Amino acid sequence: MSEQAEVRPPRIDCVLVCGGVWHDMDFARLELLKLLAEDPAIRTRVFEDYENIEAIRAADILITYTCDVTPSLKAQEALRDWLQAGGRWYALHGTNSVLRFLTEGPNKDLWDAPRWAPLMMDLLGSQFLSHPPIAPYTVTVADPDHPLVQGIEPFETTDELYHMEYHGNMHVLLETDCTVEGTGFVEAADAIGKHAVMYLKDHGKGGVLYNTLGHCRGHYDLQPMLDWWPTVDRCAWDLPVFYDLLRRGIVWLKERPAKA
């Protein structure tokens, strides 16, 4: 009797981009790496920005957790081509943010969201504009039959509720209603209404899964603006349902088309 052939799952090359400002990147990076390590076939390289273009081109899957990290045009074009060829990208929380604090003019002392990276925002399907003060809100399921959210019940989270500008056609999976304007943002007055919390956007053979949840902040993460933040904020990271959504997203990443 011949011995059963050894099953050897193919290696999956992952790039994790985790960096930027005003968030506890150490916490988010570690949590995401622990989730990726649940599958020994995933081998992950970690960067703080998008400028290792060759690593992205060689990757099968991409996960990003950033705030105010804008790729160069060359990197944006590489991301576009990588998606078109079949890459899958799970973008989290502030990946779609470009923020500048205004120190003069009619909007002095407010945060602006300049449209400096239109290609990036087209790829992601949205750009962050504002959020109300962090407070509880209810997330509902927009497409209960989709595998990424099937069986998920409406849940309450205390997190940043993202008010965004949308780009292109998206398949909304989770959503919420905003009833309060953002504070401290130039475009906060437009925040009232329904907003996507998680959605899919196709690009050629590949696509983007965006999840706005997952704010986190430790005591030192607002430096140099503020020397000490009084609380340790974990927001949706405190919820088992958020980890469920992260794991489902990783499964979606691994279901990418096979390389040619």
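Any idea which of Ser130, Ala59, Thr103 is furthest toward the positive side of the dipole for region 12-255, if Lys and Arg beta-carbons carry +1 and Asp and Glu beta-carbons -1?
Farthest towards the positive pole: Ala59.
Could you size up the charge dipole of region 12-255 around its Cα centre, putting +1 on the beta carbon of Lys and Arg and -1 on that of Asp and Glu, and report it in debye to the nearest 20?
Rounded to the nearest 20 debye, it is 620 debye.
Any idea of the accessible area per residue across the chain, 1.4 Å probe, to the nearest Å²? Please list the in-between numbers first.
Values: 12540 Å² over 260 residues.
Spelled out: the 1.4 Å probe surface of the chain, per residue, equals 48 Å².
Once you sort the root eigenvalues of the Cα gyration tensor of region 87-218 as a ≥ b ≥ c, which label holds: rounded (a/c under 1.5), prolate (a/b larger than b/c) or oblate (the other case)?
oblate
With r as the distance between the Cβ atoms of Thr103 and Ala37 and R0 = 41 Å, compute the FRET efficiency 1/(1 + (r/R0)^6) and round to 0.05.
After rounding, the FRET efficiency stands at 0.40.
For region 191-260 and region 50-89, what is the centre-to-centre distance using only Cα atoms, to the nearest Å?
Their Cα centres are 17 Å away from one another.
For the chain, with all protein chains present and a 1.4 Å probe, just round the carbon and sulfur fraction of the accessible area to a whole percent. Don't skip to the answer; put the middle values down first.
Working: 6610 of 12540 Å².
Roughly 53 percent of what the probe reaches on the chain is carbon or sulfur.
For a test of understanding, tell me how many lysine pairs in the chain have Cα atoms under 17 Å apart, given they are 8 or more places apart or on different chains.
The number of close lysine pairs in the chain is 4.
Give me the orientation-averaged projected area of the Cα convex hull of the chain, in nm², one decimal. Intermediate results must be reported in sequence, preceding the final value.
Working: hull surface 63.9 nm².
About 16.0 nm², averaged over all directions.
Hand me the trypsin sites (Lys or Arg not before Pro) from region 92-154 located in a DSSP loop with no more than 13 other Cβ atoms within 10 Å, in residue order please. Let's see the in-between values first.
Working: sites: Arg100, Lys108, Arg115; in loops: Lys108, Arg115.
Taking region 92-154 and a limit of 13 other Cβ atoms within 10 Å, the loop trypsin sites (Lys or Arg not before Pro) found are Lys108, Arg115.
I'd like to know which of Gln84, Met121, Thr183 lies farthest towards the positive end of the charge dipole of region 70-198, counting +1 on Cβ of Lys and Arg and -1 on Cβ of Asp and Glu.
Value: Gln84.
Suppose we flag chymotrypsin sites (Phe, Trp or Tyr not before Pro) only when DSSP calls them loop and at most 13 other Cβ atoms lie within 10 Å. Which is the longest uninterrupted stretch of the chain?
Free of exposed loop sites, the longest segment is 1-115.
The values are calculated or read from the model by the stated rules, or taken from the named source; none is laboratory data. This is a predicted model, so every value here is computed, not measured. FYI the Cβ positions are ideal-geometry reconstructions off the backbone, even for glycines, and counts take in every protein chain you see. The protein model used for the area step is the full one, side chains on, heavy atoms only, and it has no ligands, DNA or RNA in it. Shrake-Rupley method; radii C 1.70, N 1.55, O 1.52, S 1.80 Å.
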